[in-house]
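No lab work stands behind these numbers, since they all come straight from the coordinates. Since this is a predicted model, take the numbers as computed values, not measurements. Neighbour counts run over all protein chains shown; Cβ positions are idealised from the backbone, glycine included.
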Amino acid sequence: MVHDIVKTCVEEHDIKRLKYIFVDCLDVDPMFTEYRDDYEYCINAPGLGLVEAHIELTPLREDKSAWDLPYWNSIKRDLIKNFSQKRFQHMREVSKVVNASEIKKISNLQRERLETETEKRKFELKDKKIKEEIERKRQETSENRKPLSKIQAEQREKAQKKLDEENKRTEEAIERKKRNISVADKSEQQKTEVGRNVNNKSVEKNKKKNREDMSGKKAVGIVVAVAIMVVVLIIVIKIM
């Protein structure tokens, strides 16, 4: 990936700034991995003119034991003066020695990062499997619940039907009892009415009989009284 600052410098043909970018990039990127695309972008940019013909300044050393920090700083300065592809390639090799400790740190960091990424992938894979297992069990539970719900629904339907039948029988029994009570009430009323009529007749009969008895007794009393008056009259006549 090409950095935005490099793209801007190429667009503006800012060669001096590009030189400083690539001179300093090896201090922060001694393995030359982050700026590789930038370098390829610049050397292939038409009409840019970043790369120059090589001019010998500080002699390039082939002995790696002589690649120390002063040598490193000298060829960096030479690169600003003459940005040749030969010198930049040589600097990349020297950087691996001069910045060995940094490279080691970077390698360790990259290894740790890789291990972290590996552990992260393992964790994500494990987490994914756990989630899939949970989802599978959830689906199984859901599937198992479906027939259970159906059975429960059927049981509820049967229970409701039975309850409805019992309610119907109860209502019918109540209606029959009401009808029986109504019939009994009518019968009782009829009996009461008959009894009342009989009693009324009996009372009338007794009244009539009493009247007749009273009349008879009254007649007898009159006869007796008349007889007594006759006897008294006869006695009175005899005395006179």
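Given the structure, is H90 not in a helix (DSSP H, G or I) and not hydroxyl-bearing (S, T, Y)? Considered against the rule, which asks whether it is not in a helix (DSSP H, G or I) and not hydroxyl-bearing (S, T, Y), H90 comes out as no. The number of residues in segment 41-64 that are of a type in the set (K, R) and either outside any helix (DSSP H, G or I) or within 10 Å of F83 (Cβ to Cβ) (or both) comes to 1. Among the residues of this structure, D38 does not count as one that is within 59 Å of the chain's Cα centre (by Cα), farther than 17 Å from N82 by Cα, surrounded by fewer than 18 Cβ atoms within 10 Å (Cβ to Cβ) and of a type outside the set (A, V, I, L, M, F, W, C).
When residues in segment 16-35 are screened for being crowded, with 16+ Cβ neighbours inside 10 Å and either in a helix (DSSP H, G or I) or touching a Leu at 6+ places or on another chain (Cβ under 6 Å) (or both), 7 of them pass.
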